[in-house]
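The values are calculated or read from the model by the stated rules, or taken from the named source; none is laboratory data. Remember, predicted model here, so these are calculated numbers, not experimental data. Reconstructed Cβ throughout: ideal geometry from the backbone, glycine too, with neighbour counts over all protein chains shown. Surface accessibility is based on the protein's heavy atoms, side chains included, excluding ligands, DNA and RNA. Shrake-Rupley method; radii C 1.70, N 1.55, O 1.52, S 1.80 Å.
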Amino acid sequence: MSEQTRFILNENDLPRFWYNVLADMPVPLSPPLHPATGQPLSPDDLSVLFPMELILQEVSPERYIEIPEPVREAYKLYRPTPLIRARRLEKALGTPAHIYYKYEGVSPSGSHKTNTALAQAFYNKAAGTHALTTETGAGQWGSALAMACRFFDLDLEVYMVKVSYQQKPYRRFLMETYGAQVFASPTDRTQAGRAILATNPEHPGSLGVAISEAVEVAATSGGKKKYSLGSVLNHVILHQTVIGEEALKQMDMAGEYPDMVIGCIGGGSNFSGIAFPFLRENLRNGQRTRLIAVEPTAAPSLTRGIYAYDFGDTAGMTPLMKMYTLGHSFTPPAIHAGGLRYHGMAPTLCALYDAGYIEAVAVPQRSVFEAAVLFTHTEGILPAPESAHAIRVAIDEALKAKEAGEKRVILFNLSGHGHFDLSAYNAYNNGQLEDLALPEEEIAAIPTRLPQISQSQAA
């Protein structure tokens, strides 16, 4: 076995196609419903928010969708991203497991979010869009889209979850440097924001609230602005599959194949981006890789939520999607992994989880940072708090391999760096972080936070 640590593809190996999981879904997806009528959506219903090319990608049955050449050229700034064998971490754990990580933090904006940001900006520009609106939690998505909008000459308004706006000012500064306008959500700029502030002037914000504001601004712009989403929807997940497609080639270079693929989940795009190409190999070619999604105990939509139709935003402006949800009016605790503070999850991922094709686990905040610090000590990379959830479970699985005395091959997605998350690390280093888990009464209250859908609509 080679002692190689880094597995690097060249530009010619950059994927030419995104992989569309809809072509291989082993279980049917429930259709999205119109937020006002409760009837199945048509493509025209989405045109107020998205350009038609992205709407078509949302429902396409094609297995592979070609990556436009301008997007591939922009990808070449950082793709293919490296696959790295975490040899020093393995040694520190004393495990026979082989641990690999796909490092997306090398992108100019610092995370995997750039993969879909560039694509969405390209398609919007081609459709004649003048400006985009979006939400962001920790700021990784907002930073990526701000960069992409600058590349494709689009204006951008970002509604940033207020607690992250306060915790992570440097990501806001980065977005503003790229040319975006950034607002702490909830704001007084929208009806949705004003309604929430009227109820609670100190509301910390959530991704659901920020989505409501960004959607409202786009929907009331008379067509001048479109909305751009950083996760959840199928076209977003589609663009992220460049991660897994590259990882398949790189694992072949390493002469190994993963027993498990691990990623964190907030809306589901970064986990799905690395895992869905491996799911294809499970479904079509008989592989048996475990696919493990990791979420915070503070927002455990897969592991403790209800599988039901719900809005993707707090104000109920988005389509109704069948997903595991904590209820669209739920406000997660103010954990430092801001990108994971979401009430719901990608419908494709939820259907696969419900049918048993993927696994999910929830982990508490302090153990996440404990794993992140060990990773920093051994591999030298400071991970984003979101990515550190995947590191936690990769370490746990490596320790299980040690206990069993078995070699297991572990692959996880290190989806971003933590250079702008140092206040969180400072809190951990000073013993100021607490574990936040939802009390049983919050879980019991989920049905009260769900819209009323008839049996015929939910069928």
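Quick notes on this one:
- Near pairs, Cβ below 7 angstrom, 6+ apart or cross-chain, from the stretch 159-181 (more than 23 Å from residue 202 (Cβ to Cβ)) to any residue that is open to solvent by less than 10 Å² (accessible area, probe 1.4 Å) and part of a loop (DSSP other than H, G, I, E, B): 175/139
- Residue 48 vs. criteria aliphatic (A, V, I, L, M), touching an Asp or Glu at 6+ places or on another chain (Cβ under 8 Å), in contact (Cβ under 8 Å) with a residue 24 or more places away in the chain and in a loop (DSSP other than H, G, I, E, B): no
- Verdict on residue 58 being in contact with a Leu (Cβ under 8 Å, 6 or more places away or on another chain), of a type outside the set (A, V, I, L, M), open to solvent by less than 50 Å² (accessible area, probe 1.4 Å) and outside any loop (DSSP other than H, G, I, E, B): yes
- Some residue of the stretch 71-86 being under 23 Å from residue 175 (Cα atoms), open to solvent by 40 Å² or more (accessible area, probe 1.4 Å) and out of contact with any helix residue (DSSP H, G or I) (no Cβ under 6 Å at 6 or more places or on another chain): yes
- Residues of the stretch 151-168 that turn out to be in a helix (DSSP H, G or I) and under 24 Å from residue 197 (Cβ atoms), as a count: 6
- Single unsatisfied condition, residue 373 versus (1) under 19 Å from the mean Cα position of the chain (by Cα); (2) assigned to a helix (DSSP H, G or I): (1)
This table checks each residue for (1) within 22 Å of residue 257 (Cα to Cα); (2) β-branched (Val, Ile, Thr); (3) at pLDDT below 95.
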residue: 332; (1), (2), (3): no, no, yes
residue: 358; (1), (2), (3): yes, yes, no
residue: 370; (1), (2), (3): no, no, no
residue: 393; (1), (2), (3): yes, yes, no
residue: 404; (1), (2), (3): yes, no, no
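- Positions within the stretch 399-427 being within 28 Å of residue 97 (Cα to Cα) and within 24 Å of the chain's Cα centre (by Cα), in sequence order: 409, 410, 411, 412, 413, 414, 415, 416, 417, 418, 425
- Across the stretch 386-444, the number of residues qualifying as open to solvent by 60 Å² or more (accessible area, probe 1.4 Å), without any contact (Cβ under 8 Å) to a residue 40 or more places away in the chain and assigned to a loop (DSSP other than H, G, I, E, B) comes to 3.
- Selected residue [open to solvent by less than 20 Å² (accessible area, probe 1.4 Å) and either in contact with a strand residue (DSSP E or B) (Cβ under 7 Å, 6 or more places away or on another chain) or part of a loop (DSSP other than H, G, I, E, B) (or both)] from 148, 144: 144
- Being closer than 16 Å to residue 340 by Cα and open to solvent by 10 Å² or more (accessible area, probe 1.4 Å) holds for only one residue in 280, 304, 284, and it is 304.
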